[in-house]
Structures are given as C-alpha cells and as structure tokens.
Amino acid sequence: MSDQQLEKLRHSTSHIMAEAVMRVFPDAKFAIGPSIEDGFYYDFDLPRPLTPEDLETIETEMRKIIKEGYPFEREEVSTEEAEEIFADQSYKLELIEDMPEGEVLSIYTQGEFTDLCRGPHVESTKQVHPRAFKLLNVAGAYWRGDEKRPMLQRIYGTAWPSPEELDAYLERLEELERRDHRRLGRELELYSIHEEAGAGLVHWHPKGGVIRTIIEDFWRREHYKAGYDLVYTPHIGRGQLWEDSGHLDHYRELMYPPIDIEGQEYFIKPMNCPFHIMIYKSKLRSYRELPLRWAELGTVYRFERSGVLHGLMRVRGFTQDDAHVFCAPDQIDEEISRVLSFSLFIWRSFGFDEYEIYLSTRPESYVGEPERWDQAQEALRRALEKEGLVYEVDEGAGAFYGPKIDISIKDALGRLWQCTTIQFDFNMAERLDLTFVAEDGQEARPYMVHRALLGSLERFLGILIEHYGGAFPVWLAPVQAVLIPITDRNIDYAREVESRLRAVGLRTEVDARGERMQAKIRDAQMQKIPYMLVVGDREMEADKVAVRLRTEEDLGPHSVEDFVAMAQEAIAEKRLN
Ligand SMILES: [Zn+2]
Ligand SMILES: [Zn+2]
C-alpha cells in the first residue's frame, strides 16, 4: 500500500472513530482528526474523562460501523450551509469562521456522522479492516495547541492494511516501551527529573554518574590523543558579548532572560563558542600556532517549551561535547578530514556503525566570501569521500553562516538520531574579528569550525539506554559484577573476592541480602549486570566463582584470575560480555 493510501486509510479510520464516539457520547463536541505517522488521532470535548473501558466500547462500536459498510459521501456546501450543519459544534464553527469568505467547503458523511473535511477518504467503511486497527491511548490536548483554550481529549489510534501488520507494529511499540529510557532510567537508577526542581533539568544518580564519568574520561583521553586541547569556560556572559557574537540577533528565543549584575545584563550561555573565541583573542595569533583545536564539555541552557520536553532527549540544561577548530585556509582539508575520522572512531567505540550523512551547502542568502564557501564545501566533500562514506547533498540547506556535515547514527531499532555536526562559521569569525598573522606577515582571517560530536551527554545517555535496552557493554556497565553468596556462610568469602576484583578496577558489589539465590539472580538480571558470580561452599573451598551472564548463560566455575581475564578482555574490546 502506498503512503498516500495508508494516510487515507488512517484518516478514514479517525472518522469512523468519531462516529463511534458520537454513538457512545451523543453530546460530544468534535475538533480535528488527522492522520499522523503510523496512525491517527481525533480531539473530542467530552462530558467526562475517558477510561480504558471506554476505548474498548468505542472500538466495538467502530467494528459495527465498519461492518455496516457506509460509503464516505462528499458534498460541497457554502459557508452558510456549513454553519447550519454544524450549528451545535462550536469547534467546527470556529474552523468555518477561519475559512476565506465565499470559499466552497467540503463535508463528508458516513452513516449518521458528518464532518467538515477536505478528504480524501476510502470509499466505504468496509475498506477498513475490522481487526487491523487499535485505539492506543488518550492524552490531553489544548484546542489549537493554545494553553489558554479548552483542554480536549485526544484519542490516538493506529490502522493497518492487515492484522499481521498491526501485530508487527504493536510488537514494535512494546519493544520501544521495554527500551524506553525514562522507564529504564528509573529502574536502573540512572537519573531523575523533578517537577519541584524544574522541568527539563537532569539529576544524574550515582549509577548514571558512573556511566557519565567513563564516557567523559574516554572522551577526554581520546581528544588529547587526537591533538585537541581542553578548555573550560564560564556559564554566564555579558550581554555585550552575546550582542557582538550575534546570538542576541539569531538565538534570542532559545536564551533565558538576562540577569542583572551591577547594572549590567548577563545571559546564561546557550552555546560555548563566544568564550572559545575570547581565548583565541587573548593574544596575537601566528600561523605557526594553527591549527588550534579546543574542546569543552560545556554545560549550556536553552529554552524549550514545557510541552516538548521529553526525558533525556529534550531538556533545558545539557552538556555539549563541543569543539572549535581554528585553522589557516591551507589547513582545512586536513582538519576536516581529521574531525570526521575522529567522530567515526568515537561512534564505533560506542557500538554505532551505521550512519546517515548529509552535506548542506550554500543557501541563497549567506554571509562570507563565495570562494571561501566553495573551498569549505569541497573540504567537507573530500573528507566524506576519503572515508568512503555514502552521503546525500542537501543543496542550499546550509546555515547562512557556513556549510556543514550532519551525521545521524542508527540505533539497534533502526531509528536515526542526529548527533554530530561539523559546521563552518564565516559569520562569527567576521563579527568577532578573528585574525592571525600569516606567513607573509599580513593579517589574515582563520577558518572557524564548530563541532559537536555526541551532541549532549544527557541525550546521548538516553540514546545509549534505548540502543542497549539498558544492558550496557561491560566497559560502561555501572556495576560490572555482583557476587551472590548462596548462604550466610559464604558472605565473607564473597567480600574477599569483591575486594580482589575491586583492586583490579572491576566495579563489583556483594548481594548480602537474606533473599534466596534465585531471587538475587533475578534481581541482578533486572539490573542488567553483566556478570553474576555465585559463591557457595564448593566455590569457597576451591577459591572459585560460578559465572553466570545476564543472558542466562551459565559458564560454570572459574578461578578468580580466569574471571578477571575474561572481564578485562570484554572491557578492552567494549563487548557486551
Ligand atoms: Zn476526513
Ligand atoms: Zn560553536
């Protein structure tokens, strides 16, 4: 079935749902009911909140309507006629009122339900398969997305050509639910967000903190190896700086209101760039120093509407893994190539080796010299080709200040996450007047490149949780091994092994609770701990541990040294076990 046909099917199902709602709630007021990705919704104003039982009742009614086989009949009416037809439907009247004067409107009727709609629809309700649709959930939605207007009840549903396709979709939803980082983040005690502390502000718990520390340590070490220097910059800066950098012109809507300090305005930083430029400008730069590669784990704050905040994926405060490269014109090929291959190395280290890559080129209105744009675009293109990467060119889609490469990574469920950006900037270098003394003694303008790699640590943790379904590879697992004594007699031995494992750097815990062994194994599996080391009398006597994996695989008794070698190999190779 084509996308268009699918949309028609789903939208028609929303009309059928509306008719069913009308049968169940004769006083219902109808708002809008479009098709969306994988399904549809309809917004209703109803006398009471819907319950899960209501959804079942509505589904049953929908099956009846499908079986009754009503044709979808289109009719064209004048605004006046429409106003008469929808006289008791205030939301529809408001929609009609917004139509241009004299416009011919179309209405669609199936059975006893008539809707104001442009269409198209399927021919008959019979074309919707009675076992290939499902109502999924109810959510509050403001009329026209305006929090000052009435809150309506939105019923989400999905519809497919066949029951098999519906089942496959529902299974995928379940898989997404199992991997949902908000649920796993709570169950694995990785992070929390508190209404009383502020929406979109992330608290990293000790176990999330372990993961973050490992990521940061790895990130810093590899940046130094790759020739970057690390810098640290302030969290707030004077209004004048943001004015000069152009942020107040272009990004004001994502910045928080100013803070008054001794009569001067300061802003919380939405980006790190101007501060890196301050460091650049702290002295006269010579071509001999270039390139300069400066990276920072910089925490920034950006305004996001509360309605779009989502777990770790969309937050108000986050730590960018940012970098800026300042180089001479003859260095950009080498520099871009290095940034790109370094980014790919980092992604592969975290288990992501499929990407979708876009090269965005000069838009119609831009700043900077066209020759510089061409040179920059060529450098980006050559770097991609050198790596043998497949990419698409998004002609004219670059920002006004420079061309860029965007890399989306593909996760275990095949979803794409846009994370890495390698972005030239001809604007800020100009506005903040970056210069260096070239070989010929003349003042020249360096190239400036912004680079975010993982994007933000918060969102990256969210992506990692969902990619691995919480079962992190051994090098990232907050707890790598749990010792499970079979009886209280074995606790001392377990503690002794624990300290031997900790001494070689393995993150180890002893589960000394008075629970049965099976319960402890189950809990360790729930916590997705890579290794469970069961110790009973036999293990104690032989100075061994019985190794179980979180996959339920039983590897049997191993000496502590053998186990250490096994775990260290998995860590070095960044494996799951
Ligand atoms: Zn319609
Ligand atoms: Zn930047």
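The values are calculated or read from the model by the stated rules, or taken from the named source; none is laboratory data. As the structure is a prediction and not an experimental result, all values here were calculated from the model. A quick note on method: Cβ atoms are made from the backbone with ideal geometry, for glycine too, and the neighbour counts reach across all protein chains shown.
In table form, for the structure just shown:
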quantity	calculated
Among the candidates Val138, Val104, residue that is surrounded by 17 or more Cβ atoms within 10 Å (Cβ to Cβ) and either in contact with a helix residue (DSSP H, G or I) (Cβ under 9 Å, 6 or more places away or on another chain) or modelled with pLDDT of 95 or more (or both)	Val138
Which listed residue, of Phe72, Phe86, Phe40, is more than 16 Å from ligand 2 (Cβ to nearest atom), of a type in the set (Phe, Trp, Tyr) and out of contact with any Lys or Arg (no Cβ under 6 Å at 6 or more places or on another chain)	Phe72
Among (1) of a type in the set (Ser, Thr, Tyr); (2) in a helix (DSSP H, G or I); (3) touching a helix residue (DSSP H, G or I) at 6+ places or on another chain (Cβ under 6 Å) - the single one Tyr91 does not satisfy	(3)
Meets criteria (modelled with pLDDT of 95 or more and surrounded by fewer than 18 Cβ atoms within 10 Å (Cβ to Cβ)) for Lys269	no
Boolean, Tyr70 is within 16 Å of ligand 1 (Cβ to nearest atom) and surrounded by 13 or more Cβ atoms within 10 Å (Cβ to Cβ)	yes
Enumerated strands (runs of 3 or more DSSP E) restricted to region 353-452, each holding at least 2 residues that are buried (at least 20 other Cβ atoms within 10 Å of the Cβ) and more than 16 Å from ligand 1 (Cβ to nearest atom)	355-360, 404-410, 416-424
Members of region 528-545 that are within 40 Å of the chain's Cα centre (by Cα) and surrounded by fewer than 19 Cβ atoms within 10 Å (Cβ to Cβ)	Lys528
Residue match in region 451-464 (condition: over 25 Å from Tyr301 (Cβ atoms) and either touching a His at 6+ places or on another chain (Cβ under 6 Å) or small (Gly, Ala, Ser) (or both))	no
Unique match (being acidic (Asp, Glu) and loosely packed, with under 14 Cβ neighbours inside 10 Å) among Glu296, Glu262	Glu262
One residue from Arg362, Arg381, Arg348 being without any contact (Cβ under 8 Å) to a residue 24 or more places away in the chain and more than 19 Å from the chain's Cα centre (by Cα)	Arg381
Within region 275-300, tally of residues that are within 18 Å of Gly455 (Cα to Cα) and touching a residue at least 60 places away in the same chain (Cβ under 8 Å)	7
Residue count, region 79-126 (criterion: among the small types (Gly, Ala, Ser), away from ligand 1 (no atom under 12 Å from the Cβ) and without any contact (Cβ under 8 Å) to a residue 60 or more places away in the chain)	4
Hits in region 275-309 - residues which are farther than 20 Å from Glu439 by Cα and in a helix (DSSP H, G or I)	Phe275, His276, Ile277, Met278, Ile279, Ser306, Gly307, Val308
Failed item in (1) over 30 Å from Leu190 (Cβ atoms); (2) away from ligand 2 (no atom under 16 Å from the Cβ); (3) at pLDDT below 95, with Leu413 passing the rest	(1)
Hits in region 236-259 (condition: assigned to a strand (DSSP E or B) and not aliphatic (A, V, I, L, M))	Gly237, Arg238
Unique match (being of a type outside the set (Lys, Arg), under 29 Å from the mean Cα position of the chain (by Cα) and assigned to a loop (DSSP other than H, G, I, E, B)) among Glu147, Glu175, Glu171, Glu101	Glu147
Residue in region 144-158 that is among the hydroxyl-bearing types (Ser, Thr, Tyr) and out of contact with any Leu (no Cβ under 7 Å at 6 or more places or on another chain) present	no
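Yes/no matrix, rows are residues, columns are (1) over 18 Å from Tyr108 (Cα atoms); (2) assigned to a loop (DSSP other than H, G, I, E, B):
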site: Gly33; (1), (2): no, yes
site: Tyr41; (1), (2): no, no
site: Leu50; (1), (2): yes, yes
site: Met62; (1), (2): no, no
site: Ile65; (1), (2): no, no
